[in-house]
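Here is the structure we will look at.
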Amino acid sequence: MNFIQKLIANAKSSPTQLPTRINIPIENVSSKEKVGVSFESEKYYFQVRINELFLKDKRNWYKEFAPMVFVVSQYTYNGKEESVPFVVGPQLMDKFGKSLPNEMVFLNTRVAGLHPFRGGQITLSIILYEYKVGDYSEKILRTLENTANIFSFATAFNTYIKIADVLFEGVESLLGLQNVNPLLGLRIQMDQDADDLKSGYFALINKPEGSINENQLWVKNNQLLYGDSLTEAKPYRDADYTLYSILHDEDRSDLTALSFYPLWQHVKKEAAVPGGDGENSTLANMVSLNQAILNSPDLTEKHALDLIGKFKEDLQTIRAAISGSGKRGAVTSSETKSDRMRAKSLEIMKNFKL
């Protein structure tokens, strides 16, 4: 916390003015189903994305200096308050960025989640820096990016947290260099109880507060637009800005990467074994699977219960298919034997008549 507060203080004391923070009105977002939902503990997942980072070409980007974004997300995970650092540096910018004439845009980078919302607060610290291209600072930054990208904070969070201190120390060393300068920074704390925390889009715009009409800001395809209406609005280009979002979801599509999934694969394998032994082994392993699902820090309580119900139905389908195939096999064998006996009888009767 002290380190994060120090970073914010340094950014605020930089020559660049404090940015204006705007909550994009729900009616100004084209995909309204994504926003405006109040987060409920144990019902929803959340994720934080840097949807757009726009930088005007007034600092000779990538000629002398290049941008870097440092994001720290703080929230409750597995009963503890965790601080999750993420660095948007040259590698991610090369991968997700695009160049425009005299300008630069970087799109859609997840910096936290997907995680169950356990209630309480979500705090974001977002700081924009510039660093000298080709300098020693760039080598350190690339090393930090490589370290952060080894593990996923979505499916290997416990491992990611173990390297968080390494990232914090690396960033602290990086920011001690003369050729790394803070440009703007802000710390935002959103509280479920005090603020009615809702999913939505937010913009940090490097202009004085009160100079922007928030009703003329729009979001379409994760991009910030400006105009009198959504149909007439054009990409906002008057100042540097960051568009970020906190989005909700009721389930997650990456179950195969979670720790309990190999056990589910084993249960299905056991369920495919015909006979009583296969059924007994399946039931024993299913008890362990249910416990792993209910205790998983990566699942909401609602989703965990839904999964248990779904897996139970899948097992019943597998067992019915295995049992049915055995019966069908027995009928087929019996019918074949009967056909042979009938043919033999007809041949005997034919010979008897002769």
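We did not get these values from a lab; they are worked out from the coordinates using the rules stated. Since the model is a prediction, treat every value here as computed from it, not as a measurement. All Cβ positions, even for glycine, are placed from backbone atoms using ideal geometry, and neighbour counts span all protein chains on display.
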Response to the item:
For the table K80/K310; K43/K312; K198/K234; K198/K302; K32/K56; K43/K268, the rows whose alpha-carbon distance is greater than 23 Å are K80/K310; K198/K234; K32/K56; K43/K268
Worksheet, complete the sentence: Rounded to one decimal in nm, the spacing of the 7 Å Cα→Cβ label points at K32 and V166 is 4.7 nm
Response to the item:
Excluding residues fewer than 8 positions from K269 in its own chain, the aspartates and glutamates with Cα under 14 Å of it are D277, E279, D314
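Give me the net charge of D254's neighbourhood, meaning all other residues with Cβ under 13 Å from the Cβ of D254; Lys, Arg count +1, Asp, Glu -1.
It works out to a net charge of -1.
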